[in-house]
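The values are calculated or read from the model by the stated rules, or taken from the named source; none is laboratory data. Please read these numbers as outputs of a predicted model, since none were measured by experiment. With ideal geometry, Cβ positions are generated from the backbone for all residues, glycine too; neighbour counts draw on all protein chains shown. Side chains are part of the model used for accessible areas, which takes the heavy atoms of the whole protein and leaves out ligands, DNA and RNA. Shrake-Rupley method; radii C 1.70, N 1.55, O 1.52, S 1.80 Å.
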Amino acid sequence: MPHLKKPRKVEPLSKLWDRKAQKCGLRHTVYSVNGDEYTGDWLDSKKHGKGTQIWKKAGAIYDGDWKYGKRDGYGTYSKLLSVTNEYSREYSGGWENDKKHGFGTYFYSDTACYEGEWSEDQRSGWGRMYYENGDIYEGEWLKNKHHGQGMLRLANENRYEGNWKYGKKNGHGKFFYLDKGQLYEGFWVDGVAKCGTVSDFGRAEAPTPTIYPIPKVHLLDVRSVLMETQSTYHSE
């Protein structure tokens with residue numbers, strides 16, 4: 001009896017072409033119909049590894065890590081300046097699932113920037129913000145707002161140290177009026193000082209001190225008064 005050979009399985013042409021079209025590993029620049037281009041690593045036809053993406057219409061470029069088609073890891077995002085026709089760095093730092101995540105620095109302008117923690121494209125965690133008017137905030141953030149413990153130092157060197165809630169002073173805090181040589185210490189609600197004490201602080205070195213020093217407070221128990229006022233606002 002003759003020996004019959006088993007027929008070999010022939011891969012359909014559609015699958016063969018699809019397999020050959022899969023982009024894996026380092027590839028040359030791949031151009032899109034809309035003018036975008038990508039140069040870097042691929043895995044199963046997705047950007048994965050190190051790579052540079054240029055968005056022509058948005059005038060933007062990203063250079064850094066990718067994971068399954070999304071920015072993930074460390075990378076730098078830059079925008080094209082129409083005046084100089086050069087790319088200017090906008091953000092450098094961590095990414096996760098195509099969003100700013102982890103520690104990074106964002107440049108809002110030549111004089112304003114934020115360096116600190118991010119979560120899903122928002123400033124959240126610890127960070128330091130330099131504002132264009134010269135103010136500096138250093139402390140905790142939540143969804144792009146001061147939230148938790150933090151210090152805001154104004155351009156004239158006066159500063160607030162204490163609690164924040166959704167971008168406003170809330171809870172216990174100290175405001176140093178260094179220009180006048182005074183210190184306010186007390187309780188705040190939605191950015192408004194409700195109850196506290198004012199005392200001289202560095203009055204001798206202040207550039208514009210008050211004419212007369214502040215007399216000492218003669219309350220027997222200042223702390224109990226502040227606590228009573230605080231409990232009143234908490235119960236509202």
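Yes/no matrix, rows are residues, columns are (1) part of a strand (DSSP E or B); (2) open to solvent by less than 70 Å² (accessible area, probe 1.4 Å); (3) charged (D, E, K, R):
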| residue | (1), (2), (3) |
| --- | --- |
| 89 | yes, no, yes |
| 95 | yes, yes, no |
| 102 | yes, yes, no |
| 134 | no, yes, no |
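I need the full set of residues from the stretch 62-87 which are of a type outside the set (A, V, I, L, M, F, W, C), at pLDDT below 95 and part of a loop (DSSP other than H, G, I, E, B), in order please.
Hits for the stretch 62-87 are 82, 84, 85.
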Checklist outcome for this item: Those residues of the stretch 10-33 which are at pLDDT 60 or above and open to solvent by 100 Å² or more (accessible area, probe 1.4 Å) amount to 10, 26, 28, 31, 33
Next on the checklist: Cβ-Cβ under 6 Å, sequence separation 6+ or interchain: first residue in the stretch 104-123 and within 18 Å of residue 138 (Cβ to Cβ), partner polar (S, T, N, Q) and not in a strand (DSSP E or B). Which pairs?
Outcome noted: 122/144; 123/144
Next on the checklist: Criterion first (under 25 Å from residue 190 (Cβ atoms), touching a Phe, Trp or Tyr at 6+ places or on another chain (Cβ under 6 Å), part of a strand (DSSP E or B) and open to solvent by less than 30 Å² (accessible area, probe 1.4 Å)) does residue 114 satisfy it?
Outcome noted: yes
Checklist entry - Just wondering, is there one or more residues in the stretch 195-203 that are at pLDDT below 90, over 35 Å from the mean Cα position of the chain (by Cα) and loosely packed, with under 11 Cβ neighbours inside 10 Å? => result no
Item to check | Residue tally, condition of a type in the set (A, V, I, L, M, F, W, C) and either touching a Ser or Thr at 6+ places or on another chain (Cβ under 9 Å) or surrounded by fewer than 18 Cβ atoms within 10 Å (Cβ to Cβ) (or both), over the stretch 155-175 | outcome: 1
Checklist outcome for this item: Scanning the stretch 180-194 residue by residue, those open to solvent by less than 40 Å² (accessible area, probe 1.4 Å), over 15 Å from residue 149 (Cβ atoms) and free of Cβ contacts under 8 Å to residues at least 40 places away in the same chain turn out to be 181, 182, 183, 184, 191
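May I ask you to verify whether residue 124 is on the phi < 0 side of the Ramachandran plot, buried (at least 18 other Cβ atoms within 10 Å of the Cβ), of a type in the set (S, T, N, Q) and out of contact with any helix residue (DSSP H, G or I) (no Cβ under 8 Å at 6 or more places or on another chain)?
Numbers: on the phi < 0 side of the Ramachandran plot: yes; buried (at least 18 other Cβ atoms within 10 Å of the Cβ): yes; of a type in the set (S, T, N, Q): yes; out of contact with any helix residue (DSSP H, G or I) (no Cβ under 8 Å at 6 or more places or on another chain): yes.
In short, yes.
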Checklist entry - Is there a residue being hydrophobic (A, V, I, L, M, F, W, C), in contact with a Phe, Trp or Tyr (Cβ under 6 Å, 6 or more places away or on another chain) and closer than 22 Å to residue 123 by Cα anywhere in the stretch 148-166? => result yes
Checklist entry - If a residue has to be among the aromatic types (Phe, Trp, Tyr) and part of a loop (DSSP other than H, G, I, E, B) to count, how many in the stretch 136-191 make the cut? => result 1
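Looking at this structure, is residue 177 over 28 Å from residue 121 (Cβ atoms), under 31 Å from the mean Cα position of the chain (by Cα) and of a type in the set (Ser, Thr, Tyr)?
In short, yes.
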Checklist entry - Just for the stretch 40-73: of the residues that are surrounded by fewer than 16 Cβ atoms within 10 Å (Cβ to Cβ) and of a type in the set (Ser, Thr, Tyr), which one is farthest from residue 25 (Cα to Cα)? => result 68
